[in-house]
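Worksheet: the structure to be examined is printed underneath.
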Amino acid sequence: MPSIDVYKLITQIVNHGDKLLSNSKRSLIKYLLPIEKSFGYYTGNKAEFYDPQEDQIFYRNFKVDDEQSRIDSINYINGRIDYYNRHCDEQIKKGILVRNEYSKIPHLYEWALKLRLSPPIIDHTTDFMARNSIALIRTVDDPYVYKCGMKMANDDFVPRFNKMIYDYLIALTKGKKLVPQNTLYNPILEFEDWFMSSGIEIEKTPSLTNGLKGTKQSKLPVIFEVDDKTASINLKPSIKANPDYKRWYQSPIEAKIINLIENDALDNFIHDCRFKNVNKINIKKLSKKLNCSDKTAKKMIQLHAPYILEL
């Protein structure tokens, strides 16, 4: 059986560690959802890091279909990040830099996949996600899961991934009958409903933890999958170490638009910015929601998500 930390995967899926969510792991796990589809994370051709100390962008290009070049690029950028973090720590010790002026920059993910969660069927989960503006896109970073994504297409990967999580949840219950107040009650219902509504028998579905022996190489594995909507968006194809840094964007408005796009949340965001009788964007409403001018709102949509204006 392959080595895989399923609990760690679950915490990534429920987005524990998100600075906007102060909830504990336990309270977030009750909102755990099955996945609907998976996509490649490294579908661009560049890894980048902006060093605020040197005011310089470091980057390495890589070939999407060349694993060694991808790993080499990420290792180079992570090395630059290590240098930056060490340099800042030294400056703090010398009193040159104040601690609250510096935030440690984490490494780029080395084994990441993007996941789209299945929309919840339980009202309580739906309300929680809406209240906290939680999108359905997640990123998981695990070498074995990535290896599976290198070989399997979504038709195989998604059911086996969901079965892996489901088996783990069931094992935790140790055969006990749960009540709605239990943390795992809703997640188990969500996974069981996903299998039923997908017409897939849980018992006959192998788990990812069964290994890859006998699995045929797909012509379109998960790591090369690109969401059709994402593919139509004009975004610079790169993996950024500190994507929230203002240096990458023309304005905070652009940063917000890109963040919505990358989290598959743009369509929901603009849902109430359409004319009632015509399925067209009301730029004035959108600009008010973005807190910018009509001209800026239209420019950002034209630049990064032109399909929105074509609907």
Is it the case that the stretch 261-284 has a residue that's surrounded by 18 or more Cβ atoms within 10 Å (Cβ to Cβ), closer than 26 Å to Val226 by Cβ and of a type in the set (Phe, Trp, Tyr)? yes
Apart from one, (1) of a type in the set (Lys, Arg); (2) without any contact (Cβ under 8 Å) to a residue 24 or more places away in the chain; (3) crowded, with 18+ Cβ neighbours inside 10 Å all hold for Lys93; the odd one out is (3)
Which pairs turn up if I take residues in the stretch 153-168 that are in the same structural domain as Tyr185 (by TED's automatic domain parsing) and in contact (Cβ under 8 Å) with a residue 12 or more places away in the chain and look for partners that are part of a helix (DSSP H, G or I) and among the small types (Gly, Ala, Ser) with beta carbon separation below 9 Å, at least 6 apart in sequence or on another chain? Phe157/Gly149
Among the residues of the stretch 146-177, which ones are buried (at least 19 other Cβ atoms within 10 Å of the Cβ) and assigned to a loop (DSSP other than H, G, I, E, B)? Met152
Enumerate the helices (runs of 4 or more DSSP H) found wholly within the stretch 227-311, keeping only those where 1 or more residues are modelled with pLDDT under 75 and of a type in the set (A, V, I, L, M, F, W, C). 228-231
Looking only at the stretch 26-76, count every residue that is free of Cβ contacts under 8 Å to residues at least 24 places away in the same chain and among the hydrophobic types (A, V, I, L, M, F, W, C) and tell me the total. 3
Could you tell me whether the stretch 130-143 includes any residue that is part of a loop (DSSP other than H, G, I, E, B) and polar (S, T, N, Q)? yes
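The values are calculated or read from the model by the stated rules, or taken from the named source; none is laboratory data. Given the structure is predicted, the values throughout are model-derived calculations rather than measurements. Methodologically, a virtual Cβ is constructed for each residue, glycine included, from the backbone with ideal geometry; neighbour enumeration extends over all protein chains shown.
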